[in-house]
1. Where does each of 561, 331 land when they are ranked from fewest to most other beta-carbon atoms within 10 angstrom?
2. Given contacts defined as C-alpha pairs under 8 Å and at least six residues apart, what's the relative contact order of the chain, whole-number percent?
3. So what's the gap between the Cα centers of the range 490-552 and the range 427-470, to the nearest angstrom?
4. Based on the Cβ-Cβ distance of residue 82 and residue 486, what FRET efficiency does E = 1/(1 + (r/R0)^6) give at R0 = 25 Å, to the nearest 0.05?
5. What is the calculated FRET efficiency for residue 201 to residue 447, with r their C-beta to C-beta distance and R₀ = 51 Å, to the nearest 0.05?
6. Extending each Cα 7 Å along its Cβ direction at residue 9 and residue 426, get the distance between those two points in nm, one decimal.
7. Suppose R0 equals 30 Å; then what is the FRET efficiency for residue 209 and residue 327 from their Cβ-Cβ distance, rounded to the nearest 0.05?
8. Could you put 285, 488, 118 in order, starting from the residue whose Cβ has the fewest other Cβ atoms within 10 Å?
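No value in this document is a laboratory result; all are computed from the given coordinates. All values derive from a computational prediction rather than experimental measurement. Please note: Cβ atoms are built from the backbone with ideal geometry, for glycine as well, and neighbour counts cover all protein chains shown.
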């Protein structure tokens, strides 16, 4: 066995081992059953309901659930906007950082509330400690909890019969935060501190290098922010501009491996929670299997592209071996395998955290990251968003399977009719429109083109990547783009809002309709959805829909760039 396969195999085996116990625990949490933490956290949960005047037993129709989600997100956006605008007068600012500009403040507030964590600034020199902890880190928790709550509500709609409600948004939000995100974050931050990630409130340190130069070393509460940005799997906001390539944030190969696990932990376990809630665990394992196949297929593709090296080197007499791996932009501590596995995972889970430069990848390697996002961030995906995004494709697959066998399509005993298919398309199209439509607009806009760091096909890929990342709520970027301009701050902010909430509300509406239907007993004439065959069909539908939608843009961007590099042309 090649040593290169050891890390991916270890990752899969560990992920497989934790999926069932954590998934079972989350099922108990959202079902209101007692858990190991109920005795400790139960009184605090009830106190929160009392202080906030939440009636825990009150059920909500899907429309009221959606309205609660929107109001909560609006308040969160306004609070975070105020924090970043007023951070220069708030305590916990030993470096004396200034307030952010209005357009950048809007972009930042929307970014973290939507779980995107798109950053048009350098974190260590732009944000105060209070902004990081009381603003950004809080939204890391809350945006992930909101996504998890919505996913659970959607699953309830699919699992229950002849009901009008999907649960209580505020109860789901509190339980997501209190019983899942906070305990995992406490344990994870302690492990990270033990592994060498810094955690302090000191001002920056000025150090002398070996050559006698002076270097400023930023300090701060990194470990506590790092773990929640990873566990949320939808908030890649980094304390350092270099993200997880920075040694203070990712000090060793062991910590790097743990960070990849943290990215996948909750999204993977949610598939088992889904199986428990619908009373058919095989349904959850099918989703887990499909996600795993897509994840490791993407990782293999990215590794192959980066390990093969830069094809343009063969056309230039620079004394380099054309067969050498592409190490440009990679952290030498991690190499090709750990870098590509991390980038594949972060773009598949909608986290956006990076430990290498995506802009420095080969065209085909960078295309894998693009495809991961273009598929809808469903390859495990963000906390909650990955599950309901995959269920969107499940509905489409069931509909197509029903057409193939000439029967009314059913999923979990409920008929999939025109309303469900229309809502599935409504959930999908806004993200696609933002990614492709905004990229087309930016390609002819002088205001947008001023921010480009590249020209030609690579510049087009840069535009496409930016809007795909923000519309898909990923947050990673090809770092050569100067995104801190009025055009980019406003357009990417609007793309983040559309990508987050149109999908959520459409899926909640679908779940609300399904909850009112009666689940019928399965018959031999219904296409089974808990089999290997359905999983294979689901993979095919995902690639067909994604391919038909995005292939032309990929052909004009990374694919054409690769062919030009093979021919010896660079920009």
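1. With the fewest neighbours first, 561, 331 line up as 331, 561.
2. Relative contact order for the chain comes out at 19 percent.
3. So the separation of the two Cα centres works out to 25 Å.
4. Numbers: r = 21 Å, r/R0 = 0.82.
FRET efficiency, residue 82 to residue 486: 0.75.
5. 0.85
6. For the pair residue 9/residue 426, the computed spacing is 4.9 nm.
7. The computed FRET efficiency comes out at 0.80.
8. With the sparsest Cβ surroundings first, the list reads 285, 488, 118.
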